[in-house]
Amino acid sequence: MDKKRYYINTRGNDDEAYREAMQFACQLAEDDLDIKRVVLLAHTKSNTGWLERLYDGDTVKKLFNGLNFKDCNPVFIIKTKKTYNDPYDPQDVVITMGLDAKDVMKVDDFYGVKAIIAIPWLPEQLDKWVQTWAPTDIRTKERPDTYPLPDPIVQEAMKELTSSVNMTTGIHHPSDERQAKTYIRALHKYTDGLDGDVVSAYMVRELGWDTEHAKDVKKLIDTLNEGRYFQGGDKTYLKNHIKRWKEKIK
């Protein structure tokens, strides 16, 4: 499924952003009849001030159980980080209310989410998600730059890792973890500028990794970049891997 991603580059109490996002969600639903719900995703039940200033308190209360608006097909419903789970049936547009990149990327992994419209509290808190996916700003219609692609050798290593591991579990299996640690050791030793954010964004955007599983690889990179160490993975013959990856990109 080709997930659609949007955001509004705003800051603080921009109540109008929520009105615009809800109207935009209605437009998406007009173009895609499979969209059944618009989920207004909040931190907690008390983090709905933007909606309370747009609507009366009674309307907001009704939104917790689901509410239809005039001339808009899908049901609008407020969910929180604790109560919202993957619906699995692709049907939801999610409007995130002041959530940061970590929370938005978790929702981005949900199969049942057809589109995301992210509204930040502080725009810099969305940077990792924005730079990974380059969502369209619904106000300006512009798309920001993504993280750059990693070095071709790094790309080749991550493609090889992807073809080997169980994608449903990432690198949690001992053999997959050992392979990942070996590859990261080799790349850290023999390539320049290995960046955890760049690599994990590439894995998610181009190779189809879940955010949480790509984060496990990022942690390995960050550990070595910070001058620390991790246990496991081969420590010898690392240059053989580099040689193999170089041959593949010739």
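The values are calculated or read from the model by the stated rules, or taken from the named source; none is laboratory data. From a predicted model like this one, the values you see are computed outputs, not experimental measurements. Cβ: placed from backbone, ideal geometry, glycine included. Neighbour counts: every protein chain shown. Each accessible area value is taken on the protein alone, full model and side chains, heavy atoms only, with ligands, DNA and RNA left out. Shrake-Rupley method; radii C 1.70, N 1.55, O 1.52, S 1.80 Å.
Data overview
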read-out: In the range 234-250, the residues that are open to solvent by 100 Å² or more (accessible area, probe 1.4 Å), in a loop (DSSP other than H, G, I, E, B) and under 13 Å from K189 (Cα atoms); value: K235, Y237
read-out: Those residues of the range 109-130 which are open to solvent by 10 Å² or more (accessible area, probe 1.4 Å) and closer than 24 Å to K36 by Cβ, in sequence order; value: D109, F110, Y111, K114
read-out: Per-region count, the range 155-175, residues surrounded by fewer than 19 Cβ atoms within 10 Å (Cβ to Cβ), out of contact with any His (no Cβ under 7 Å at 6 or more places or on another chain) and either over 14 Å from K243 (Cα atoms) or among the small types (G, A, S) (or both); value: 11
read-out: Count of residues meeting criterion [acidic (D, E), touching a helix residue (DSSP H, G or I) at 6+ places or on another chain (Cβ under 9 Å) and assigned to a loop (DSSP other than H, G, I, E, B)] in the range 5-59; value: 1
read-out: Boolean, T191 is open to solvent by 40 Å² or more (accessible area, probe 1.4 Å) and of a type in the set (S, T, N, Q); value: no
read-out: Residue match in the range 7-20 (condition: open to solvent by 80 Å² or more (accessible area, probe 1.4 Å), within 21 Å of the chain's Cα centre (by Cα), under 25 Å from D210 (Cβ atoms) and touching a residue at least 40 places away in the same chain (Cβ under 8 Å)); value: no
read-out: Answer residue from the range 179-188, given it is of a type outside the set (D, E, K, R) and open to solvent by 20 Å² or more (accessible area, probe 1.4 Å) and is farthest from F110 (Cα to Cα) among those; value: H188
read-out: Residue check for V38: within 17 Å of the chain's Cα centre (by Cα), crowded, with 19+ Cβ neighbours inside 10 Å and closer than 23 Å to G12 by Cα; value: no
read-out: Filter result (surrounded by fewer than 16 Cβ atoms within 10 Å (Cβ to Cβ), under 22 Å from R5 (Cβ atoms) and of a type in the set (D, E, K, R)) within the range 198-233; value: E206, E212
read-out: Any hit, the range 64-87, residues being of a type in the set (S, T, Y), under 23 Å from W121 (Cα atoms) and crowded, with 18+ Cβ neighbours inside 10 Å; value: yes
read-out: Condition met for D58 (touching a residue at least 60 places away in the same chain (Cβ under 8 Å), farther than 22 Å from W129 by Cβ and surrounded by fewer than 18 Cβ atoms within 10 Å (Cβ to Cβ)); value: no
read-out: Test: residue in the range 138-153 that is under 20 Å from the mean Cα position of the chain (by Cα), farther than 21 Å from T223 by Cα, open to solvent by less than 20 Å² (accessible area, probe 1.4 Å) and touching a residue at least 40 places away in the same chain (Cβ under 8 Å); value: yes
